[in-house]
Amino acid sequence: MSASGGTKAIIAALVANLGIAVTKFVAFLLTASSSMLAESIHSVADSGNQALLLLGGRRARREATPQHPFGYGRERYLYAFVVSIVLFSVGGLFALYEGYHKLSHPTPITAWHWVPVVVLVAAIGMESFSFRTAIVESNAVRGKASWGEFLRRSKAPELPVVLMEDFAALVGLVLALLGVGLTLLTGDGMWDGIGTVSIGVLLVAVAVFLAVETKSLLIGEAAGSDAVAAIERAIESTPGVDGLIHMRTLHLGPEELLVAAKIAVPAAATAADIATAIDAAEERIRAVEPIARVIYLEPDLRRAPAGVPEA
């Protein structure tokens, strides 16, 4: 994922959510609708989340230090994980609490009946703009992967996070519109509470999904299967290398990959021959996978498994 594409989607979501949060909160003050309050807090949480993603991207660009020799690229994963926690606690749990309170003491919307409907329709329009921007930026990088594969396998967290947040926001707005609309039609505040609880369940589910996916990135994920295969071919096709014994890859950040491999070299090779082969292999690796910034290649002799005579 290009950093500029992710940043564009984040900024679009931030601008949309700030505007939406203000209009929702004004509607809540006028109508005392719990769905509007839940959606107000949801938009505030989303705005804070986008600010966290921008901060994480900025901090990840810091230069490596002796204490952090591989740099700070994985801070982007850390801030994405924090986003999932904020969405779960500030968005989901608050909506569930507010919905429970509303179901326990249902009250109809008695003033400014038209305000929440107008606000929610306008919010759907603004959120749709943000969601469309995230889709366009994601389509530019997801290639032939399905949306499910993109969300689960992307090494850059920003676009999947924004996509899921925008999706949850749009569905949440529809749920809020249904809750408010049915409350206005029936005069029964129970529908407002049901809409609020539904929003809470949705946000908790999305937060759990994001937490699971970003936790995997935070722990450390290998390169994708296509990248691994390309690197293996690059090593094995290098003159002076008899083959690949084993290899490990690890993402130090979305655009930074560590490659560590043990390569087989001829028994008669001199130190100069081995050094030349290693340099050539590193050059080939970077040609097929430009984000392979850190490469460690250990030369060794290929040995037959225990109990199997050498050929």
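The values are calculated or read from the model by the stated rules, or taken from the named source; none is laboratory data. Small disclaimer: the values here were computed from a predicted structure and weren't measured. Methodologically, a virtual Cβ is constructed for each residue, glycine included, from the backbone with ideal geometry; neighbour enumeration extends over all protein chains shown.
Computed values, structure above
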{"item": "Boolean, ALA176 is surrounded by fewer than 20 Cβ atoms within 10 Å (Cβ to Cβ) and closer than 30 Å to SER34 by Cα", "result": "no"}
{"item": "Test set (1) of a type in the set (Val, Ile, Thr); (2) closer than 30 Å to LEU96 by Cα; (3) outside the structural domain of TYR79 (by TED's automatic domain parsing) - VAL241 fails condition number", "result": "(2)"}
{"item": "The listed residue being in a helix (DSSP H, G or I), in contact (Cβ under 8 Å) with a residue 24 or more places away in the chain and within 18 Å of ILE124 (Cα to Cα), out of SER35, SER40", "result": "SER35"}
{"item": "Residue count, region 68-82 (criterion: touching a Gly at 6+ places or on another chain (Cβ under 9 Å), of a type outside the set (Ser, Thr, Tyr) and closer than 14 Å to LEU217 by Cα)", "result": "7"}
{"item": "Subset of region 254-277 (residues that are over 30 Å from ARG58 (Cβ atoms) and assigned to a strand (DSSP E or B))", "result": "ALA261, LYS262, ILE263, ALA264"}
{"item": "Qualifying residues in region 129-146 (those that are touching a residue at least 12 places away in the same chain (Cβ under 8 Å) and not aliphatic (A, V, I, L, M)) - the one surrounded by the fewest Cβ atoms within 10 Å (Cβ to Cβ)", "result": "PHE129"}
{"item": "Top-ranked residue of region 219-253 - restricted to ones that are part of a loop (DSSP other than H, G, I, E, B) and acidic (Asp, Glu), ranked as farthest from the chain's Cα centre (by Cα)", "result": "ASP242"}
{"item": "Some residue of region 278-289 being outside the structural domain of PRO160 (by TED's automatic domain parsing), modelled with pLDDT of 95 or more, of a type outside the set (Lys, Arg) and in a loop (DSSP other than H, G, I, E, B)", "result": "yes"}
{"item": "Scan of region 192-247 for residues that are of a type in the set (Lys, Arg) and either touching a residue at least 60 places away in the same chain (Cβ under 8 Å) or within 17 Å of ALA169 (Cα to Cα) (or both), ordered by number", "result": "LYS215"}
